[in-house]
Each structure stands twice: as structure tokens, then as C-alpha cells.
Amino acid sequence: MIDFCSQESKPLLEVEEAIAKILEAMQVVKDHEVVDLKSGLGRVLAQDVFANVSSPPEKNSAMDGYAFSSKDIINGNDFALTLVGTAWAGRPYTDKIESGQCVRIYTGAVLPDAFDSVIMQEHVIVSHKFIHFPATTQPYQNVRKMGEDIALAAAVLEANKILSPIDLGLLASVGVEKIAVKRQIRVAFFSTGDELQTLGQPLGSGQIYDSNRYTLNGLLTDPLYSVSDLGVLPDDPNILEASFIKAAEHYDVIISTGGASVGDADHIKEILTRCGNINFWKLAIKPGKPLAFGKIGNCHFFGLPGNPVAVVVTFHYLVAPALRKLAGLAIAKKLQITATSLSDFKKSAGRQEYLRGILTQDPNGEFLVSSAGKQGSNILRSLSLSNCYIVLPVACEGVNAGDKVRVDLMPSVSII
């Protein structure tokens, strides 16, 4: 079987080739800014970060118990020490300590210099001012050493790392208050098409509500990006071209949806060729074949198809890696799983196809995948229900239930 939609005068560019071309065109953003630590979540470090203090800054107790010196241990015998005070977290015991003495200590409290060991409170017997230690008492237990996690001036995090909530806590623990992060990637997006109507307005004959801008806004909601929604543009080549040129002066990336096909009202390729340069147009992918990628001045341009599922698929596989490259991040490879298909899928050779699927796991740990529903490129419902893509290669001519298939997990999904 042949995919007649893919018959061209020359072979269509395959997805992996397109990704390589896109990444080759991307230059990492060099500019950076200094922000407060709390504002760093999800941002990319521009520089290596070093510890301002050790973590922990002093030796302290890992348990509620009693601090003592290992020199007072009597090997193989019980022994008793005199309780002389208490060390609290934030309120160290500072009086002079002599041999044969111990201190009540709480988790996180600084150990007096004379002590090197802590015994858990459950392991001793308290008798007035005397603490009775068992013969099994071990030295150097339950003590956190100074700098055990990170030493003063040690490297904490390396540049080009996305800061997670854990990273923020780690940096705070070593006294880092401000950090240098790469500036946000400036992204603008808009939809094109005379048929698109704004939410809240009644639909006229032939009109549909514009869903793509809402989808893109969600996909681009990330601290890495500074995002602008430029609205809906009509199918007017002069207005489109002027809008493209103006936006290219202010943004790193422009994403449009619609107008990238071959109809009379599909102007994106023509305009991109005239006011910029086009790297490629049309891919061996389904959905998403009529995708245009190029540049207007210093601004990268993605002309995505208008069908809503094609927008999501091409964003996940082509746009997202480009934005990560611009931000200075390594390109994360999607987690691929081999699963048994529970559904039949028809397919023609010619394009790599991304089907919406629901991945599950049986009691034996085997992965199973089934269709999420109708697979038309206008069907958002099945995309909403899916947690993965079933990826069928270019040469594949269909799948029968029971066949093994490649499955790519969608971002932030759970397996049922």
C-alpha cells in the first residue's frame, strides 16, 4: 500500500532528518540575568554554582539522644555518664565539658567540641542525673559531619541545568541567595484562517472556534519561555507577511498554525520564501506533513499545520527539541517502550505515523497499548484520552492486534 498523500516529485524529508536540520540551525542563547533563588525554578543555570558555606555548616546530631565522647566507652561493659545540660537545634550547649559527662541532644543540634558520638534516647536508661549506656554502645554513631553533603567552595550545580525544586533547596542549604540564569526564549504564536472565531462569539456558517492558540499556550507555559499570543490573522498574504516581519524583530521563535498546506489560501511557504528563507517544507509524518521551517532575519519560524492534533504532534517532536536547544539544554530522548498492540491499525507506507494510544501494564508487568479512539487529525478527544503515541515507521503497512509496536510516552503521563 502507498500513502497517496505522500506521493511527491521527490522523497519527503523523514522526521529524524528534519529534527537534525532544526537542531543544526539553533544557536544557544548566550544572554543571562541574575534572579533571586525563588525565581529560579525551571530556569537554566548560566554558570556553575559554588557553596558559600558547608552543608552541614557544623557537626550535628542525626538523632534525638545523648551526645558523649567515645573515650568514655568501656569496652564490653555498661557504663554511666553524668548529664550536665541540653543541646537544642539552634541553641548549642557551650559550657565546659569534662570526662565522664554527657549532654542531652536533639536532632540537628550542634555537637559540643568534646563529643564525637550520639546514642539514641531509646537505648539508654535515665536515672536522675545519670545516663546508663549499654555494653553494645558504638562510637561515632548518629553524627553528621561538617560538609558531609557539600564542602565550603565546592561545586554544587553545573551550568546548563534546569533548576528543580530540590535544586533550589540544595542551593539554599549552602547560602546561595542569587543565581545567574539564561534569559527566557522569546516565543510568539498565532493562528491563521478566515474560518476561526474567537471564544465568546457566536459561530457563523463555516466558522470554528480557534483551539490551537489555547493548546500552544499550554504547551509553552514553562519558565524557560517568555510567550506572547498574537491572536488570529486572516488569510491575507499582505497582512501575514507584515505580521511575520514585525514579530521577527522582537522574538527568537515564531509559531504559526494553519496556512502551511497547498491550498489557494495557504500562504505560509510563499511568504517565508519571500521575506526570509525556508529550510524545509513538508515531512514524511502523519499527522503534520505540511510543516514549514525557516528563518526571518534572526528569528526562527515554524509554520505548523492547522489541524489541532498535527499541532500537538509536531510541537512535541520538532518544536520542543528546538526550544530546548536554544535554551542550552541537552535534547532529552523520549522514553520508548515496546508494547503489545490490542488494536488493529490500518496504514499505508510513505510516512511515519503517530497514533494516539492508551498504554497499560498487566499484572505480570507486560506493556499493552490500545487505540485511544478516532485517529483523524481534527479529533482532539482521542488525544485528550491518550497517554502515549504509537509510532509506526515509514515502511509499515499496518498493525494487527498482538503485534509488538513502539510506544513513546507523552510528557507528564502515568501508566494505567
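Just a few scattered comments:
- Count of residues meeting criterion [in contact with a Lys or Arg (Cβ under 8 Å, 6 or more places away or on another chain), among the aliphatic types (A, V, I, L, M) and assigned to a loop (DSSP other than H, G, I, E, B)] in the stretch 23-49: 4
- With respect to being free of Cβ contacts under 8 Å to residues at least 24 places away in the same chain, in a loop (DSSP other than H, G, I, E, B) and under 22 Å from the mean Cα position of the chain (by Cα), residue 333 fits the description.
- If you filter the stretch 267-308 down to residues that are buried (at least 23 other Cβ atoms within 10 Å of the Cβ) and of a type in the set (Val, Ile, Thr), you find that the one that is nearest to residue 355 (Cα to Cα) is 285.
- Hey, residue 395 assigned by TED's automatic domain parsing to the domain that holds residue 24 and under 23 Å from residue 11 (Cβ atoms) or not: no
- All of 346, 374 fail the test of being within 30 Å of residue 207 (Cα to Cα), surrounded by fewer than 21 Cβ atoms within 10 Å (Cβ to Cβ), among the basic types (Lys, Arg) and not assigned by TED's automatic domain parsing to the domain that holds residue 214, apart from 374.
- For the stretch 91-138, a residue qualifies if it is in a loop (DSSP other than H, G, I, E, B), within 11 Å of residue 67 (Cα to Cα) and touching a helix residue (DSSP H, G or I) at 6+ places or on another chain (Cβ under 7 Å), and exactly one does: 116.
- Strands (runs of 3 or more DSSP E) contained in the stretch 336-391 and holding at least 1 residues among the acidic types (Asp, Glu): 352-361
- Number of the exception - residue 110 against (1) touching an Asp or Glu at 6+ places or on another chain (Cβ under 6 Å); (2) exposed (fewer than 13 other Cβ atoms within 10 Å of the Cβ): (2)
- Listed here are the strands (runs of 3 or more DSSP E) enclosed by the stretch 149-248 that have at least 1 residues being touching a His at 6+ places or on another chain (Cβ under 6 Å): 178-182.
- Candidate set from the stretch 309-342 (those that are of a type in the set (Ser, Thr, Tyr) and surrounded by fewer than 17 Cβ atoms within 10 Å (Cβ to Cβ)); member that is nearest to residue 372 (Cα to Cα): 340
- All of (1) in the same structural domain as residue 196 (by TED's automatic domain parsing); (2) over 24 Å from the mean Cα position of the chain (by Cα); (3) in contact (Cβ under 8 Å) with a residue 24 or more places away in the chain hold for residue 278 with one exception: (3).
Each row is one residue, and each column tells you yes or no for (1) assigned by TED's automatic domain parsing to the domain that holds residue 51; (2) in contact (Cβ under 8 Å) with a residue 12 or more places away in the chain; (3) more than 18 Å from the chain's Cα centre (by Cα); (4) surrounded by fewer than 17 Cβ atoms within 10 Å (Cβ to Cβ).
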{"site": "157", "(1), (2), (3), (4)": "yes, yes, no, no"}
{"site": "168", "(1), (2), (3), (4)": "yes, yes, no, no"}
{"site": "212", "(1), (2), (3), (4)": "no, yes, yes, no"}
{"site": "226", "(1), (2), (3), (4)": "no, yes, no, yes"}
{"site": "249", "(1), (2), (3), (4)": "no, yes, yes, yes"}
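The values are calculated or read from the model by the stated rules, or taken from the named source; none is laboratory data. Small disclaimer: the values here were computed from a predicted structure and weren't measured. Cβ coordinates were reconstructed from backbone atoms using ideal geometry, including for glycine residues, and neighbour counts include every protein chain displayed.
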